[in-house]
Amino acid sequence: MKRFLIFPFILFLILFSGCIRQHSTAEPLEPIRTLEQLEFYRQTGFVPEKIDRIFCSGGTLRLAVYLECAGKVVAVDTNERREKGRSGMKAYLAAHPEFYDMPVGGETSGRDNPETLLGLKNPPQLIIKADTGAGYDPAELTRRTGIPVLLVPMRGITVGRKDFDAGLRLMGAALGKSERAEAVLGFFDRETAEIKLRSQKEEASGRSKPLAYVGGVSYNGSHAFHSTEAGYPPFVIADARTPVKENENEPTLGKRHTMLAKEKILEWDPDILFLDLGTLYLGGASGLVELQTDPAYRSLKAVREGNVYSLLPNTFYFVNHDAVLINAWFVGKTLYPEQFTDIDPKKKADEIFTFLVGKPVFEQLNAELDHLALQKLALSK
């Protein structure tokens with residue numbers, strides 16, 4: 001009789017141990033890239049249903065701000081803690097100066113520190129990390145900290161839009177902000193569609209489009225006037241005619257970012273020049289100083305005729321999506337003034353900033369950019 005009682009007990013232990021093994025092997029060491037993974041990890045208890053504490057790494061902080069989750073941030077990386085003057089390059093920092101006083105959870109560009117994160121007074125429940133392959137390995141970061149890592153593709157609202165949407169929706173689902181994520185994506189859709197519609201009306205007018213060039217584009221840091229981009233997002237949205245795009249198949253030009261020979265810019269001699277103010281961080285070596293002092297650049301038609309205009313920093317620690325929209329409106333108004341007569345670019349900037357980062361911070365950014373943003377530049381020194 002005892003043998004019959006012992007057998008079910010042994011069977012129960014075998015089944016129970018199997019459940020334990022199944023749960024332990026299911027415990028994720030891989031980072032979260034999909035909604036399906038997020039849901040599975042929630043079911044296993046690895047990801048909390050309600051997340052109140054996050055660490056944003058590698059440029060993902062702006063996306064948390066777009067999702068109205070600034071209050072959930074408990075630590076930032078060192079790139080977000082640099083001197084406050086850099087907030088002129090990033091609207092989300094201008095709107096949320098409290099980030100400057102937060103603990104650091106790792107170095108710039110995803111070089112996160114597991115020990116530092118675990119040593120925080122209030123460690124994060126979720127690490128949101130740029131999916132670039134750079135910095136600390138995300139699977140190892142999860143293993144070392146026991147904190148789930150959510151990876152976000154660092155794409156834009158033009159090239160890579162499908163990945164951008166998926167990443168923002170994933171963040172929204174994790175942070176209980178799915179409705180806000182959809183509102184942000186819808187906002188980008190409406191704004192870009194309106195700019196494109198006005199640009200198409202200009203196309204239909206039969207007027208020839210001016211040839212435009214943008215210099216001083218940031219890429220892994222600030223650069224001088226010869227730094228440009230064939231797929232510069234504001235130009236893409238406003239359907240600007242640009243020699244860099246028209247000649248992108250030349251072997252010396254990149255499909256996207258490129259450092260041009262000065263002679264190429266002089267050869268093209270564009271009708272209108274734009275200067276991305278990300279270049280100002282170079283100080284005396286900036287594209288602005290070049291346009292003011294370099295005899296070759298000063299011989300350009302656009303410089304001689306006063307057709308040089310400034311744009312907000314389009315890229316600074318990855319893409320400033322708010323600035324992309326604002327710059328696209330300004331490019332459209334500059335190139336096709338008859339289609340944008342009702343638009344005040346600076347007021348439009350504050351509308352966009354208010355929706356995306358929570359405050360109308362244009363004047364604050366502009367002050368830190370020497371009051372040069374979104375205007376015709378006077379180049380006399």
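The set of residues in segment 206-228 being surrounded by 12 or more Cβ atoms within 10 Å (Cβ to Cβ), among the polar types (S, T, N, Q) and over 17 Å from the mean Cα position of the chain (by Cα) consists of S227, T228.
For segment 162-183, a residue qualifies if it is under 14 Å from the mean Cα position of the chain (by Cα) and either assigned by TED's automatic domain parsing to the domain that holds K333 or surrounded by fewer than 16 Cβ atoms within 10 Å (Cβ to Cβ) (or both), and exactly one does: D163. Taking every residue in segment 335-363 that is outside the structural domain of K177 (by TED's automatic domain parsing) and surrounded by 19 or more Cβ atoms within 10 Å (Cβ to Cβ) and pairing it with any residue that is at pLDDT 95 or above and in a loop (DSSP other than H, G, I, E, B), at least 6 positions away or on another chain, the pairs with Cβ-Cβ distances below 7 Å are L335/P210; L335/A240; P345/L374; A349/L374; F353/K359; F353/P360; F353/V361. With respect to G156, is the statement that it is in contact with a helix residue (DSSP H, G or I) (Cβ under 7 Å, 6 or more places away or on another chain) and part of a loop (DSSP other than H, G, I, E, B) true? Yes, satisfied. Checking each residue in segment 334-364 for being within 25 Å of V289 (Cα to Cα) and in contact with a Phe, Trp or Tyr (Cβ under 8 Å, 6 or more places away or on another chain) picks out T334, P345, K346, F362. Taking (1) closer than 30 Å to Y41 by Cα; (2) in contact with a helix residue (DSSP H, G or I) (Cβ under 7 Å, 6 or more places away or on another chain) in turn, A224 satisfies each apart from (1).
Once segment 242-294 is narrowed to residues that are of a type in the set (S, T, N, Q) and at pLDDT below 90, the residue that is surrounded by the fewest Cβ atoms within 10 Å (Cβ to Cβ) is N249.
Evaluation of V159 against the conditions (1) crowded, with 17+ Cβ neighbours inside 10 Å; (2) hydrophobic (A, V, I, L, M, F, W, C); (3) at pLDDT below 95 shows that the sole unmet condition is (1). Checked against (1) surrounded by 15 or more Cβ atoms within 10 Å (Cβ to Cβ); (2) without any contact (Cβ under 8 Å) to a residue 60 or more places away in the chain; (3) of a type outside the set (D, E, K, R), G231 meets all criteria but (2). Cβ-Cβ contacts under 6 Å between residues 6 or more apart (or on different chains), taken from a first residue in segment 95-116 that is in the same structural domain as V152 (by TED's automatic domain parsing) to a second residue that is among the acidic types (D, E), are listed as F99/E80; G106/D77; G106/D112; T108/D77. With a requirement of 1 or more residues that are of a type outside the set (F, W, Y) and under 25 Å from the mean Cα position of the chain (by Cα), the helices (runs of 4 or more DSSP H) lying completely within segment 242-308 that satisfy it span 243-246, 287-293. Every condition in (1) among the aliphatic types (A, V, I, L, M); (2) touching a Gly at 6+ places or on another chain (Cβ under 6 Å); (3) part of a loop (DSSP other than H, G, I, E, B) is met by L120 except one, and the failing one is (2). The residue list E203, E182 contains one member that is among the charged types (D, E, K, R), under 22 Å from V152 (Cβ atoms) and assigned to a helix (DSSP H, G or I), which is E182. Selection of segment 249-282 for residues being under 20 Å from N327 (Cβ atoms) and among the charged types (D, E, K, R) yields R256, D271, D276.
The residues in segment 163-203 that are among the basic types (K, R) and over 29 Å from Y336 (Cα atoms) can be counted, and the count is 3. With the condition kept exactly as written, say whether any residue in segment 186-198 is out of contact with any Phe, Trp or Tyr (no Cβ under 7 Å at 6 or more places or on another chain), among the charged types (D, E, K, R) and either assigned to a loop (DSSP other than H, G, I, E, B) or exposed (fewer than 12 other Cβ atoms within 10 Å of the Cβ) (or both). Checked segment 186-198: at least one residue is out of contact with any Phe, Trp or Tyr (no Cβ under 7 Å at 6 or more places or on another chain), among the charged types (D, E, K, R) and either assigned to a loop (DSSP other than H, G, I, E, B) or exposed (fewer than 12 other Cβ atoms within 10 Å of the Cβ) (or both).
So, D276, is that one assigned by TED's automatic domain parsing to the domain that holds P345 and in contact with a Pro (Cβ under 6 Å, 6 or more places away or on another chain) or not? Answer is no for this residue.
The values are calculated or read from the model by the stated rules, or taken from the named source; none is laboratory data. Model, not experiment: these values are computed from the prediction. Cβ coordinates were reconstructed from backbone atoms using ideal geometry, including for glycine residues, and neighbour counts include every protein chain displayed.
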